Amino acid sequence: MTVKAIVFDYKTMFSRETAVIAEMQAVLWWARDCGLRVCILTTDAMAVSTLCAQHGYPEPDLHVQQADVPQRKNRGSHLWIDVVAAGLGVANHDLLYVGSTSMDWRTAINSGVFYLHANWCRPNREKCFVIESPRDIAGYITQFLMPGPRFSFRYDDPGRKLALRSVLPASATLPASSPTGSFKLQDVFTYHKSIGVGQSKASDMLTFHAISSLYVEGMLPKGAYFCVYPSSKVGKLSEELEQFVKPAASLVHGYYKDDLLIRAAEAPDTSLARVNARRAGLPSPVSIANQIHTVHLGPSYRYKVKDKTVIVFDDFTTTGSSLEWARNLFVAAGARQVIALTIGKYSTRYATYDPKPDVSIDPFTLSTLGLHDFTELTHQLPEDSGNSSKMVELFNREINDLAW
């Protein structure tokens, strides 16, 4: 599934600036050629077809005004998007909303719809994504919303309330524009190098691909909780992930919670522990026990996780012990679904850990449970081998500024 329609607040389209009108013409005709439909929102009755003709724009597919909205609800209500989705015959996650006010943003996020703020209309004061010119609309669509979900690994296990998504194999190499012509995922998330991809940062590009892929797959309900799995150090999160996941959560009325998962005691650095064991010819000392005894949920969420979708974001996973402990904590707290989302995956295996029938978990305190309290089952995951090539192509497009 990919984006099928663009919703515009009329103020983003009918500018007095010649340069804005010219770019909007190009974007709208490009959208028409791509089969994307267009809806224009206005509060009052307006002759939008006439205005479009005057500006050299194609005829819009739908015009929704306040009189069309049940109970004449003001902008901000999800009912506006309900009318748009019904009128176009699409789902909410098939839409992109381009707006210019805080009420546009609220309309989008209260409907679980991806939102971009048109900064050429008025400066943004909300925690949302900003675009500087109409041509950026085509850039975001072609890079993030048109290609469909971009995951090399996926595993769905409804019985365990688990959905695992990993963007790339951990060994993947992608194009860059600075400081060199390519980079590995570890350069960004392990060695914390500043990598440029066109006008964007590699860390932003990767996390945006991950979250927008969930969006076009229809996996991001409004009101979801977003969190980053804590690093091995107490009180420390991945800065590369946190700085982007936090605002990205606002795209679909998700809530970023930096205190939802708490590292209450220091744990071994699992990457370093695996490397040292491999060099010494020893089996890996890493297990879910490293997580059980050091991570719990924040006590303030005792009555807030029930029936929520929770997206747990991490940079890398190997066989999933960290993500599995997070899943166990959230399931014990009553979550509806746990989406484990990572940038890279080191193995084609994923191990699930289920508490034995007589074992219970208090997710809000540190646990003294051990491996003997869980049943482990290893799953072999198929790899979408074509996804790495797709990501290389998309990163090259960004470097070469190929919006369309």
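When you go through M24, M1, M46 one by one, which is the residue that is more than 18 Å from N110 (Cα to Cα) and modelled with pLDDT under 95?
M1
For Y57, state whether it is crowded, with 21+ Cβ neighbours inside 10 Å and within 19 Å of M146 (Cβ to Cβ).
no
In the range 70-78, is there at least one residue being free of Cβ contacts under 8 Å to residues at least 12 places away in the same chain and of a type in the set (K, R)?
Scanning the range 70-78 turns up at least one residue that is free of Cβ contacts under 8 Å to residues at least 12 places away in the same chain and of a type in the set (K, R).
Restricted to the range 195-210, and to residues that are under 16 Å from K184 (Cβ atoms) and surrounded by fewer than 21 Cβ atoms within 10 Å (Cβ to Cβ), which residue is nearest to the chain's Cα centre (by Cα)?
Out of the qualifying residues, it is K201.
Condition test on E324, is it assigned to a helix (DSSP H, G or I), acidic (D, E), within 23 Å of I211 (Cβ to Cβ) and not assigned by TED's automatic domain parsing to the domain that holds G198?
no
Would you be able to tell me the number of residues in the range 139-161 that are of a type in the set (A, V, I, L, M) and buried (at least 22 other Cβ atoms within 10 Å of the Cβ)?
Number satisfying all stated conditions: 2.
Would you check which residues across the range 355-399 are within 22 Å of R160 (Cβ to Cβ), polar (S, T, N, Q) and surrounded by fewer than 15 Cβ atoms within 10 Å (Cβ to Cβ) and list them?
Across the range 355-399, the qualifying residues are S360, T375, T378, Q380.
Can you find, within the range 1-20, the residue that is farthest from N92 (Cα to Cα) among those that are in a helix (DSSP H, G or I) and within 31 Å of the chain's Cα centre (by Cα)?
Taking the candidates together, the pick is V20.
Give me the pairs: first residue in the range 28-57 and closer than 21 Å to I81 by Cβ, second residue among the polar types (S, T, N, Q), beta-carbon distance under 6 Å, and six or more apart or on different chains, which are they?
Within 6 Å, the pairs are T42/Q65; T43/Q66; A45/Q65.
Scan R278, R349, R327 and give me the residue that is modelled with pLDDT under 95 and among the basic types (K, R).
Exactly one of R278, R349, R327 is modelled with pLDDT under 95 and among the basic types (K, R), namely R278.
Any idea how many residues of the range 374-397 are part of a loop (DSSP other than H, G, I, E, B) and under 20 Å from the mean Cα position of the chain (by Cα)?
The number of residues fulfilling the criteria is 1.
Taking Q143 and the conditions (1) assigned to a helix (DSSP H, G or I); (2) under 24 Å from D44 (Cβ atoms); (3) in contact with an Asp or Glu (Cβ under 8 Å, 6 or more places away or on another chain), which numbered condition does it fall short on, given that it satisfies the others?
Tallying (1) assigned to a helix (DSSP H, G or I); (2) under 24 Å from D44 (Cβ atoms); (3) in contact with an Asp or Glu (Cβ under 8 Å, 6 or more places away or on another chain), Q143 fails exactly one: (2).
So R122 ticks every box in (1) crowded, with 20+ Cβ neighbours inside 10 Å; (2) at pLDDT below 95 but one. Which box is left unticked?
(1)
List pairs: first in the range 344-360 and closer than 22 Å to T173 by Cα, second loosely packed, with under 14 Cβ neighbours inside 10 Å, Cβ under 7 Å, 6+ apart or cross-chain?
Filtered contacts from the range 344-360: T348/Q380; R349/T378; R349/Q380.
Just give me the residues in the range 316-355 being under 19 Å from the mean Cα position of the chain (by Cα) and more than 21 Å from Y255 (Cβ to Cβ), in sequence order.
Hits for the range 316-355 are F316, T317, I343, G344, K345.
Within the range 223-262, can you find the residues that are modelled with pLDDT of 75 or more, in contact with a Phe, Trp or Tyr (Cβ under 9 Å, 6 or more places away or on another chain) and either in a strand (DSSP E or B) or within 14 Å of I211 (Cβ to Cβ) (or both)?
A224, Y225, F226, C227, V228, Y255, Y256, L261
Taking the stated definitions as given, is I339 surrounded by 15 or more Cβ atoms within 10 Å (Cβ to Cβ), in contact with a helix residue (DSSP H, G or I) (Cβ under 9 Å, 6 or more places away or on another chain), at pLDDT 95 or above and part of a loop (DSSP other than H, G, I, E, B)?
When the stated conditions are applied, I339 does not pass them.
The values are calculated or read from the model by the stated rules, or taken from the named source; none is laboratory data. Worth saying up front: this structure is predicted, and the values here are computed from it rather than measured. All Cβ positions, glycine included, derive from the backbone under ideal geometry; neighbour counts span all protein chains shown.
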